[in-house]
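J.: One structure, pasted below without further comment.
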Amino acid sequence: MDSVRKPARLASVALAAAALSLTGVSAAHAEPATHGCAYPYVCFYVDEHAYEAGTPITQYRDVTSSYQTVRSRPHYHVVNTRNDDVAHLRLQDGPSICLPPDTETVFSNAYSVTGIRISTSSTC
């Protein structure tokens, strides 16, 4: 009787292990998009409606040593989906702010970002 149970148990264990490895693989490769902004991008939204609809006006992903130009226009929301990289945002009046990994910010008064520099640093 034990010889019948062992193969059935082994088959159950093998099936469970296969199911776990399949879910682990797919979860490791699938990064959820945040309001239409997929990993590894930093996305800009023109207003709340665009943010809620998941339609960024522009997105950046390249790590650079200097600022990339961002078209000067009002920005409402910026989302950083990168897991380990900060995004430095140069504002219209000159100073910059640092957006940590996996965070987002909302600007009031139709603020404008004029440049972005994505850094491999994980802290601001």
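The values are calculated or read from the model by the stated rules, or taken from the named source; none is laboratory data. Not measured: the values here are computed from a predicted model. Note that we place each Cβ from the backbone using ideal geometry, even for glycine, and neighbour counts take in every protein chain shown. Areas reflect the complete protein model, heavy atoms only, side chains present, ligands, DNA and RNA absent. Shrake-Rupley method; radii C 1.70, N 1.55, O 1.52, S 1.80 Å.
J.: Restricting attention to the range 7-55, report how many residues are modelled with pLDDT under 95, touching a Phe, Trp or Tyr at 6+ places or on another chain (Cβ under 7 Å) and assigned to a loop (DSSP other than H, G, I, E, B).
T.: 4
J.: In addition: In the range 97-120, what residues are modelled with pLDDT of 95 or more, part of a loop (DSSP other than H, G, I, E, B) and either open to solvent by less than 30 Å² (accessible area, probe 1.4 Å) or under 15 Å from ASP62 (Cα atoms) (or both)?
T.: Scanning the range 97-120 gives PRO101, THR120.
J.: Here is a further query. Could you list, in sequence order, all residues of the range 76-96 that are at pLDDT 95 or above and hydroxyl-bearing (Ser, Thr, Tyr)?
T.: THR81
Rundown of residues vs (1) closer than 16 Å to SER119 by Cα; (2) among the hydrophobic types (A, V, I, L, M, F, W, C); (3) without any contact (Cβ under 8 Å) to a residue 40 or more places away in the chain, yes/no style:
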| site | (1), (2), (3) |
| --- | --- |
| TYR45 | no, no, yes |
| ILE57 | no, yes, yes |
| TYR60 | yes, no, no |
| VAL63 | yes, yes, no |
| THR69 | yes, no, no |
| ARG73 | no, no, yes |
| SER108 | no, no, yes |
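J.: Taking the residues in the range 58-68 that are within 15 Å of ILE97 (Cα to Cα) and open to solvent by 60 Å² or more (accessible area, probe 1.4 Å) as candidates, determine which candidate is nearest to the chain's Cα centre (by Cα).
T.: Applying the filter and picking the extreme gives TYR67.
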